[in-house]
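To start, the structure itself, in structure tokens.
The values are calculated or read from the model by the stated rules, or taken from the named source; none is laboratory data. Note that this is a predicted model, so its numbers are computed, not measured. Glycine gets a Cβ as well: all are built from the backbone with ideal geometry, and neighbour counts include every protein chain shown. The protein model used for the area step is the full one, side chains on, heavy atoms only, and it has no ligands, DNA or RNA in it. Shrake-Rupley method; radii C 1.70, N 1.55, O 1.52, S 1.80 Å.
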Amino acid sequence: MQPASDIVTVARPGRRTATRRRRHNLADRAWGASLSVLGVTVLVVAALIVAELWRVAKPLFATVGIVRFVTTSQWDVVRETYGALPYVYGTLVTSAIALVLAVPVSVGLALFLTEMSPPRFRSIVSFPISLLAGIPSVVYGLWGLFVLIPVLRKTVEPFLANALGFLPLFQGPRIGFGYLAAGTILAIMILPTITAIAIEVLRTVPLSLREAALALGATRWEMIRIAVLPYSRAGILGATILGLGRALGETMAVTMVIGNSPTIQASLFAPGYSLPAVIANEFAEASSATHTSALAALGLLLFAVTFLLNVAARVLVRISRRGPARVAA
């Protein structure tokens, strides 16, 4: 018969192991609970921001109405007549120009760095791309004033007017300030974000897909077109969403080059205005409660536009995720 002391000695390690497991479980539960609290806190903060904007903007909505505020164009502080349509138009136009200019360059640069460039050249090019993401927006605005505006006025806009002047987008006086300048600045600002995320997405493409395409006789470009891009298009679209989010909310750089004119014009050469720019320019000078309420309504409208565009983009991401599965099938 085994002594009792030996039985106790054998049982002790099991008790210690159970105690350690309980401690680990408690630590895991505490960590998960803290993350859950932080996640809920983010939602609560966003809800508080929306609630405060709604509280300040509610008097204007009660007087003018949400539909009339969004669909009218007159913004007169003296007569206390406020319409947000020119600012919504300017925000969407400049963001669209930024995506049109930035997405092809960003995706092409990401493909080059991941699929074609040698490792040494990749490290040299990656550094300035990362550096662009850390430059303050006011520096971009100053660069736009002293470098981009003269180039657009003297070279780019005359060329576009001569080549594509039959289109309404490229007609009118060529002053440099306007939608094209603001969109170009935004394109430069969102380019490092889209490029960096696209590079990480392209690196997740399995090597077997590339090798299979090359084994079937595909060229390098055909391999990228039929294997790499279909697999990574959901991630590239997600990178585009992040770039769009920054373009919609950018303030200082756009304010300095867009021209600050509350009008709606088809020409990209014309000056315009955006939602963040008008809030930054007029909030410090808002002397009446109605004016403050109108600026808060613009902030709420900017939040709504950003939210709706992100929801639409996420739907597109979900739809695009079905592509690789069909190809694999």
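Within region 19-100, list the trypsin sites (Lys or Arg not before Pro) lying in a DSSP loop whose Cβ has at most 15 other Cβ atoms in a 10 Å radius.
Passing sites in region 19-100 are 79.
Starting from the 7 Å offset along Cα-to-Cβ, what nm value, one decimal, do you get for the label separation of residue 162 and residue 35?
6.0
Out of 38, 164, 244, any idea which swings most in a Gaussian network model of the chain, alpha carbons joined below 10 Å?
Between 38, 164, 244, it is 38 that shows the largest mean-square fluctuation.
Calculate, for the chain, the solvent-accessible area per residue in square angstrom, rolling a 1.4 angstrom probe over the heavy atoms of the protein chains.
57
Between residue 266 and residue 284, what length comes free when the chain is fully extended (0.36 nm per residue of separation minus the Cα-Cα distance, one decimal in nm)?
3.4 nm
Would you mind classifying the chain by shape? Square roots of the alpha carbon gyration tensor eigenvalues, ordered a ≥ b ≥ c; an a/c under 1.5 is rounded, otherwise it is prolate if a/b is larger than b/c and oblate if not.
oblate
At 20 °C and a viscosity of 1.002 mPa s, what translational diffusion coefficient does Stokes-Einstein give for region 220-275, taking Rh as the Kirkwood radius over Cα pairs? Give it in µm²/s as a whole number.
Rounded, D is 151 µm²/s.
From the residues 227, 86, 196, which one has its Cα farthest along the dipole of region 75-328 in the positive direction, the dipole being from +1 and -1 charges on Cβ of Lys/Arg and Asp/Glu about the Cα centre?
227
For the chain, with all protein chains present and a 1.4 Å probe, just round the carbon and sulfur fraction of the accessible area to a whole percent.
68
Using a simple charge model, +1 on the beta-carbon of Lys and Arg, -1 on the beta-carbon of Asp and Glu, nothing else, what dipole does the chain show about its Cα centre, in debye to the nearest 20?
Once rounded to the nearest 20, the dipole reads 1540 debye.
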